[in-house]
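K.L.:
Could you have a look at this structure, given as structure tokens, before my questions?
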Amino acid sequence: MKIRLEEIAHARSGDKGPHSNVGIVFGHEDVYKWALAVLTEERVKKHFEAIALGKVIRYELPNLWALNFMLGDSLGGGGSLSLKNDAQGKTHGQALLRMEVDLPDELAEHRLEL
Amino acid sequence: MDRVLRVANGQGFWGDSVEAPVQLIRGGGIDFLTMDYLAEVTLSIMQRQKLKRPETGYARDFVELVDRVLPDLLEKKIRVISNAGGVNAPACSKALKDVAAKHKADIRIGTIEGDDILHRLDELIAAGAPLANMETGEELATIRDRVTAANVYIDSFCIAEALDKGAQIVLAGRVSDPGLALGPMIHAFGWGREDWDLLAAGTVAGHVTECGAQCSGGNYSRWWQVKDYAGIGYPVVEVLQDGSFVVTKQPGTGGLVNRWSVCEQLLYEMGDPQHYISPDTMVDFTSLSLEDLGKDRVRISKIKGAPATDSYKVSISYLAGYKASGQLTVCGPRAVEKARAVAGIIWKRLEDVGCSYEETNSELLGIDSCHPGIAAPPADPPEVVLRLSCRDTDRAKVDRFGKELAPVITNGPSGITGFAGGRPKAQEIVAYWPALVPKELIQTRVTVE
């Protein structure tokens with residue numbers, strides 16, 4: 001079934017110098033394991049292609065059923081140099097939760113309340 | 001029974017709620033209150049203030065808070081740890097002493113110094129610390145004459161030392177943000193410099209709470225599930241000797257603490273989670289175990305740490321030119337097309353008077369300023385906000401930009417409004433230069449009086 005990531009996860013983002021990071025936490029271990037194969041660095045880079053001009057790096061946190069993405073060069077220089085409205089990437093987590101994915105039917109029961 | 005140490009955070013940044021710390025103190029049931037006032041750029045502002053008036057250079061808000069709550073602090077025996085000392089902890093201490101005298105109270109104040117290395121830069125470079133930019137590798141020489149502040153993120157044992165010596169209020173400058181919470185744990189439990197797991201545990205507790213309500217319902221993805229945002233409770237951690245702790249908030253407050261709120265904050269401003277470097281240790285965030293106990297209580301345990309690195313991180317600020325931003329609201333049929341045209345007109349007029357910039361930015365708020373390419377914008381919205389910005393080393397050009405927004409309301413397309421607050425003025429850009437310095441070159445001083 002087609003869903004947006006907001007149905008199966010929470011996210012938070014912030015700045016790391018000229019880069020931003022987006023942490024995404026899944027609601028169930030099985031969903032996390034499925035996401036490992038789906039939310040690749042390439043897929044996330046494509047999603048953020050107009051924002052992350054640099055490299056996207058993924059870190060795994062299996063203990064929290066979470067992934068952490070570094071979005072390279074995504075803040076127009078970052079900090080006080082940036083001319084962007086969202087100079088600190090505060091909203092990048094919400095941008096990731098808009099991503100549409102095809103959730104296998106057997107994981108549908110792990111959707112979170114909207 | 002194991003002793004439980006309760007550490008609360010009432011301020012996540014300079015500008016955070018002024019009521020939160022008061023609520024925490026009056027609500028009681030806490031041993032230590034931490035208050036974070038410093039962002040990277042704040043110290044630069046404070047150095048400037050101090051240059052003009054030597055008795056300034058610290059967070060005045062903190063002094064006002066203590067004036068408001070001192071009787072409660074003393075009655076409830078709550079000790080406060082803050083980085084409000086900025087670049088002039090002794091002056092902040094003196095201001096607090098004056099406040100105490102007004103309340104006819106005597107308080108012991110600890111000050112921590114040695115983090116400010118602005119006056120030592122050349123000496124440190126000569127001693128073999130090049131202070132090159134950690135991100136880019138550039139030499140400090142490229143910005144040396146424009147440096148406005150330089151502070152070392154010093155370790156948390158200096159906070160513990162001030163508490164050991166009986167300080168009721170500890171004033172630091174640039175310590176690490178999680179260190180404000182770790183310091184009292186080192187003091188209370190006697191953790192040692194090589195107790196890496198325990199230091200890592202205290203650092204995680206500090207990381208979870210350092211942004212105030214961001215772990216108790218603030219900035220929460222499922223915001224519609226949060227009860228009573230207006231009365232949101234700020235976080236309290238209940239720590240045991242073995243480093244395990246419960247994240248919670250005071251009874252009767254709004255917000256929520258659950259697995260999600262804590263997980264979201266654990267990941268905030270995170271780089272490589274297995275190598276989270278602090279002045280005190282290196283934390284592995286993939287090691288910790290998290291358990292939602294219900295009733296706004298989340299337990300974290302089994303945290304693993306590794307030896308600290310042999311250098312401190314340095315936060316250097318420098319002047320990097322000027323910038324300005326201004327907004328116009330563009331309404332009517334085909335508002336998006338019209339707003340783009342308005343941007344073109346303004347930039348052309350500036351170009352015609354010789355104003356080209358190192359960087360410009362034209363954004364349509366409500367359309368694509370935050371999530372370009374991700375969410376499809378509405379086809380024909382009734383109005384959009386045009387936000388224009390520029391950056392340059394020439395201040396006059398940036399100020400000239402500010403004069404070119406209002407005229408377009410009468411000499412450009414119809415349906416433009418929302419130009420309030422006067423002409424945008426050039427703001428100085430204080431940029432951030434992260435560097436490293438060997439620990440043996442930094443000496444800290446702790447004074448309690």
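K.L.:
Could you please give the count of residues in region B:5-23 that are in contact with a helix residue (DSSP H, G or I) (Cβ under 9 Å, 6 or more places away or on another chain) and either among the β-branched types (Val, Ile, Thr) or assigned to a loop (DSSP other than H, G, I, E, B) (or both)?
P.N.:
Summing the residues that are in contact with a helix residue (DSSP H, G or I) (Cβ under 9 Å, 6 or more places away or on another chain) and either among the β-branched types (Val, Ile, Thr) or assigned to a loop (DSSP other than H, G, I, E, B) (or both) in region B:5-23 gives 11.
K.L.:
Of everything in region A:67-79, what is surrounded by 19 or more Cβ atoms within 10 Å (Cβ to Cβ) and over 16 Å from the mean Cα position of the chain (by Cα)? Give them in sequence order.
P.N.:
Once the filter is applied, which keeps residues that are surrounded by 19 or more Cβ atoms within 10 Å (Cβ to Cβ) and over 16 Å from the mean Cα position of the chain (by Cα), region A:67-79 yields A:76, A:78, A:79.
K.L.:
Which of the residues that make up region B:296-327 are of a type in the set (D, E, K, R), within 12 Å of chain A (Cβ to nearest Cβ) and touching a helix residue (DSSP H, G or I) at 6+ places or on another chain (Cβ under 8 Å)?
P.N.:
Once the filter is applied, which keeps residues that are of a type in the set (D, E, K, R), within 12 Å of chain A (Cβ to nearest Cβ) and touching a helix residue (DSSP H, G or I) at 6+ places or on another chain (Cβ under 8 Å), region B:296-327 yields B:304, B:323.
K.L.:
More than 27 Å from residue B:158 (Cβ to Cβ), away from chain A (no Cβ under 14 Å), of a type in the set (Lys, Arg) and free of Cβ contacts under 8 Å to residues at least 40 places away in the same chain: does that describe residue B:249?
P.N.:
no
K.L.:
Next question. Do we have residue B:380 as closer than 26 Å to residue B:427 by Cα and not in a strand (DSSP E or B) here?
P.N.:
The answer is no for residue B:380.
K.L.:
Could you check region B:96-133 and list, in sequence order, the residues that are out of contact with any Asp or Glu (no Cβ under 6 Å at 6 or more places or on another chain), closer than 30 Å to residue B:69 by Cα and of a type in the set (Val, Ile, Thr)?
P.N.:
B:107, B:109, B:111, B:112
K.L.:
Would you mind stating whether residue A:31 is at pLDDT 95 or above and within 14 Å of the chain's Cα centre (by Cα)?
P.N.:
no
K.L.:
Still on this structure, I have one more. Can you list residue pairs whose Cβ atoms sit under 9 Å apart, with the first residue in region B:210-226 being free of Cβ contacts under 8 Å to residues at least 24 places away in the same chain and more than 9 Å from every other protein chain (Cβ to nearest Cβ) and the second being part of a helix (DSSP H, G or I) and surrounded by fewer than 22 Cβ atoms within 10 Å (Cβ to Cβ)? Count only pairs 6 or more apart in sequence or on different chains.
P.N.:
Listed by first residue and then by second, the contacts come to B:223/B:229.
K.L.:
For region B:345-357, indicate whether the set of residues that are in a strand (DSSP E or B) and either touching a residue at least 60 places away in the same chain (Cβ under 8 Å) or not acidic (Asp, Glu) (or both) is non-empty.
P.N.:
No, region B:345-357 contains no residue that is in a strand (DSSP E or B) and either touching a residue at least 60 places away in the same chain (Cβ under 8 Å) or not acidic (Asp, Glu) (or both).
K.L.:
Inspect all residues belonging to region B:161-170 and state whether any of them is assigned to a loop (DSSP other than H, G, I, E, B) and buried (at least 24 other Cβ atoms within 10 Å of the Cβ).
P.N.:
Yes; the residues of region B:161-170 include at least one that is assigned to a loop (DSSP other than H, G, I, E, B) and buried (at least 24 other Cβ atoms within 10 Å of the Cβ).
K.L.:
Name the strands (runs of 3 or more DSSP E) wholly within region A:13-114 that hold at least 2 residues that are facing chain B (nearest Cβ under 7 Å) and in contact (Cβ under 8 Å) with a residue 12 or more places away in the chain?
P.N.:
A:19-26, A:66-71
K.L.:
Search region B:399-423 for residues that are under 13 Å from residue B:338 (Cβ atoms) and of a type in the set (D, E, K, R) and pair each with any residue that is surrounded by fewer than 15 Cβ atoms within 10 Å (Cβ to Cβ) and modelled with pLDDT of 95 or more when their beta-carbon atoms are under 9 Å apart and the residues are at least 6 apart or on different chains.
P.N.:
No pair meets every condition.
K.L.:
Select from region B:384-412 the residues that are surrounded by fewer than 16 Cβ atoms within 10 Å (Cβ to Cβ) and either part of a loop (DSSP other than H, G, I, E, B) or touching a Cys at 6+ places or on another chain (Cβ under 8 Å) (or both) and list them in ascending order.
P.N.:
Answer for region B:384-412, where residues must be surrounded by fewer than 16 Cβ atoms within 10 Å (Cβ to Cβ) and either part of a loop (DSSP other than H, G, I, E, B) or touching a Cys at 6+ places or on another chain (Cβ under 8 Å) (or both): B:393, B:394, B:403, B:406.
K.L.:
In the set B:186, B:125, which member is without any contact (Cβ under 8 Å) to a residue 40 or more places away in the chain and in contact with a Ser or Thr (Cβ under 7 Å, 6 or more places away or on another chain)?
P.N.:
Answer to the check: B:186.
K.L.:
Can you tell me which of (1) loosely packed, with under 15 Cβ neighbours inside 10 Å; (2) within 30 Å of residue A:28 (Cβ to Cβ); (3) out of contact with any Leu (no Cβ under 8 Å at 6 or more places or on another chain) is the one residue B:352 doesn't meet?
P.N.:
Answer for residue B:352: the failing condition is (2).
The values are calculated or read from the model by the stated rules, or taken from the named source; none is laboratory data. It should be emphasised that the depicted structure is a prediction, and the values quoted were computed from it without experimental measurement. Every residue, glycine among them, receives a Cβ derived from its backbone with ideal geometry; neighbour counts consider all protein chains shown.
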